[in-house]
1. Look at residue 306 and say whether it is surrounded by 13 or more Cβ atoms within 10 Å (Cβ to Cβ), without any contact (Cβ under 8 Å) to a residue 60 or more places away in the chain, of a type in the set (Gly, Ala, Ser) and closer than 23 Å to residue 218 by Cα.
2. Residue under question is residue 349, and the condition is that it be surrounded by fewer than 16 Cβ atoms within 10 Å (Cβ to Cβ), modelled with pLDDT of 85 or more and aliphatic (A, V, I, L, M); does it hold?
3. Pairs under 7 Å by beta carbon, first residue outside the structural domain of residue 117 (by TED's automatic domain parsing) and under 19 Å from residue 200 (Cβ atoms) in segment 152-170, partner in a helix (DSSP H, G or I) and of a type in the set (Val, Ile, Thr), six or more apart or different chains?
4. Can we say residue 281 is closer than 26 Å to residue 337 by Cβ, of a type in the set (Asp, Glu) and surrounded by fewer than 17 Cβ atoms within 10 Å (Cβ to Cβ)?
5. Select from segment 68-113 the residues that are at pLDDT 90 or above and of a type in the set (D, E, K, R) and write down the one among them that is surrounded by the most Cβ atoms within 10 Å (Cβ to Cβ).
6. List every residue pair whose Cβ atoms lie under 8 Å apart, where the two residues are 6 or more positions apart in sequence or sit on different chains, the first residue falls within segment 234-256 and is touching a residue at least 12 places away in the same chain (Cβ under 8 Å) and over 23 Å from residue 184 (Cα atoms), and the second residue, located anywhere, is among the aromatic types (Phe, Trp, Tyr) and not in a strand (DSSP E or B).
7. Does any residue of segment 22-31 turn out to be in the same structural domain as residue 79 (by TED's automatic domain parsing), free of Cβ contacts under 8 Å to residues at least 40 places away in the same chain, surrounded by 13 or more Cβ atoms within 10 Å (Cβ to Cβ) and out of contact with any strand residue (DSSP E or B) (no Cβ under 9 Å at 6 or more places or on another chain)?
8. Anything in segment 295-331 that is under 29 Å from residue 353 (Cα atoms) and among the aliphatic types (A, V, I, L, M)? List them, or say none.
Amino acid sequence: MAWSSCDEEEMQYPEFNEVTYMKDPQFSLGMLFSSGAIFRKAVRQHAILHQRGIRLKKNLKEKIKWICADGCSWKCYGIQQQRSTSFQIKTLYNHHTCNPTWIQKQVNSTWIAEAYENEIRMNPTCPVKAFHSRVVNDLKCNINQSMIYRAMKKAKDNILGKHEEEFGKLYLYANELKRSMPLSTIKLMTDPPETGTNRRRFKRFYVCLEPLKEGFGEGCRPLIGLDGCHLRGPFGGILLTAVATDPNDGIYPVAWAQVEAENNDSWDWFLSLLKTDLRIENSGSFTFISDRQKGLVNALEKQVPSSEHRFCVMHLYRNLWHGNRGIGIRKASWFAARSTTEFTFKKHMDILK
């Protein structure tokens, strides 16, 4: 491979490595940066770490000039190289004659979110006030709490993903599940597009994976627990679940779905798919446990009329606990639930009354 004289001249200048040098950037005359964005990021990092009042004097596509506080001799001037996106430092006075400052204009919510992303990942429930104190103590500069709030939100969005983007990938997720596990049941339901647009609105999403179907048929008892819970987030919704117990009496997930509400229609839709996946033809051999949700009771009577339907003792006890509290009430409730004969059941029910 032939090298030109221009390439040789370029190769003699130091190159800024973003991975290793960004922790504490050090600059030299002629240093090359892969882009103007990296050049700005490195100088901003230097200003924040060393508590200097550095600011942009000129911020153009092909010219970037940084200066420090009034009276300080530090300055850095970079220009874009011809026929390239690289930036090179052409002028550099790399000595500060100013004192560290408490007012730091280079700190913003994006920088904080990126710098503290790992810590927020490890402690996502950290209070804003406590995190604010931590950042101020680390950077030794003035930062308001609203910036900390925005930084935490940006970091959590980077960690968990934005809801809008995740919902936009549901078709890709469904296709990938079907590709890797062809016998899985994946149902994605959407509302018809609104007038004047081709975009559909998400409504329901059902998942029953192939290994879960096989495992239920080979090692689980015909006992299924059904429940729904509200989902937190900007779009809300309800998560419907069907779980069983494995041979070790552990919780065994069977199927789940996100729906718009917990009502007759959504439970009927969920149970019809579940019945097909588990090949429930003789429903009399199955027992379902629920929390007495009205829509679920009606759906069970419609989809599996011959099956046994039992109610969750924990939900019954919680309803009883609101008006009747105490250790005696709790013990009597559980003794009655664990009774194995009609005589002992009536005995504990009389005590409970």
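1. no
2. yes
3. none
4. No, not satisfied.
5. 75
6. 235/167
7. Checked against the condition, which is being in the same structural domain as residue 79 (by TED's automatic domain parsing), free of Cβ contacts under 8 Å to residues at least 40 places away in the same chain, surrounded by 13 or more Cβ atoms within 10 Å (Cβ to Cβ) and out of contact with any strand residue (DSSP E or B) (no Cβ under 9 Å at 6 or more places or on another chain), segment 22-31 yields at least one hit.
8. Hits for segment 295-331 are 296, 297, 313, 314, 316, 320, 327, 329.
The values are calculated or read from the model by the stated rules, or taken from the named source; none is laboratory data. Owing to the predicted nature of the structure, the values given are computational and were not obtained by experimental measurement. Positions of Cβ are backbone-derived with ideal geometry, glycine not excepted, and every protein chain shown enters the neighbour counts.
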